[in-house]
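Quick notes on the structure that follows.
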Amino acid sequence: MKTYILPSLKLSGILLIICSALYPLFIAAMALVAPGGGNGKKVFENDQVVGYDNIGQKFTNDDYFQGRPSAVNYNAAGSAGSNKGGSNSDYLTIVQARIDTFLVHNPGIKKSTIPSDLVTASGSGLDPHISVKGANIQVPRIAKLRKREEEVLYSLVKKCTEHPLLGVFGPERVNVLKLNLALNAL
């Protein structure tokens, strides 16, 4: 037993230094060289910060594209999912309320055609992206309210579509903040 105590204490000390000092310092250094210096990549309009590239935000006006719902009310300090499963009655009530609200604001849309990302919150509760289908389904509402041709808005969605990393990793998606800023620029 004595032959194992000294090596295990040495190994514990080495792992303590690596895990509690070297690794956190490495992660902090990587954050400093990341876009935004670890504070998020700010998005500017007219020299003013209007949001962050990687954090979702709420758009309440019907003449803007709506983002993905947030389980934490878009509070970046409290990033979290709802932790409720798909069979939880409270969760199903929330999702049904989101569906009903979406249908009220988007007349003519069938419940079966609503993309799930427009009525379910993401795992972090802060996802800034929606699917291309989620953006396109909102075009008729926005075109009507802004008195624009739908084709112009469809091409705007296509222009703002981000493609998968290396053409393989992840789905096509649209950053809602960038899309709405491009919409304002029309």
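Nothing in this text is a laboratory measurement; each read-out follows from the coordinates by a stated rule. Values in this document were obtained by computation on a predicted structure and should not be read as measured data. Cβ atoms come from the backbone with ideal geometry, glycine included; neighbour counts cover every protein chain shown.
Students often get this wrong, so check it: of 110/133; 110/144; 133/158; 84/110; 133/159; 42/133, which have C-alpha atoms separated by over 20 Å? In this structure, 84/110; 42/133 exceed 20 Å between Cα atoms. Amide H contacts under 5 Å for residue 51: 43, restricted to partners 5 or more places along the chain or on a different chain, H placed in the peptide plane at 1.01 Å from N. Each residue, residue 11 and residue 112, gets one label point 7 Å from its Cα in the Cβ direction; the gap between the two is 5.9 nm. Just checking the listed ones, 98, 173, 68: in the Gaussian network model of the chain with Cα springs under 10 Å, the one fluctuating most is 98.
The calculated FRET efficiency for residue 83 paired with residue 59, based on their beta-carbon distance and R0 = 25 Å, is about 0.50. Ranking 17, 138, 165 by Cα position along the charge dipole of the chain, where only Lys, Arg, Asp and Glu carry charges on their C-beta atoms, puts 17 farthest toward the positive end. Using the Cα gyration tensor of the range 49-170, with a ≥ b ≥ c the square roots of its eigenvalues, what is the shape: rounded (a/c below 1.5), prolate (a/b larger than b/c) or oblate (neither)? Cα axes put the range 49-170 in the oblate bin. Angle of helix 176-185 to the longest C-alpha principal axis of the chain, folded into 0 to 90 degrees and rounded to 10: 40°. Counted by Cβ distance under 15 Å from residue 154, the other residues give a net charge of +3, where Lys and Arg count +1 and Asp and Glu count -1. Ordered by the count of other Cβ atoms within 10 Å of each Cβ, fewest first, 129, 163 give 163, 129.
Helix 2-17 and the longest principal axis of the C-alpha atoms of the chain enclose an angle of approximately 40°.
Each Lys or Arg adds one and each Asp or Glu subtracts one; over the other residues with Cβ under 14 Å from the Cβ of residue 35, this totals +1.
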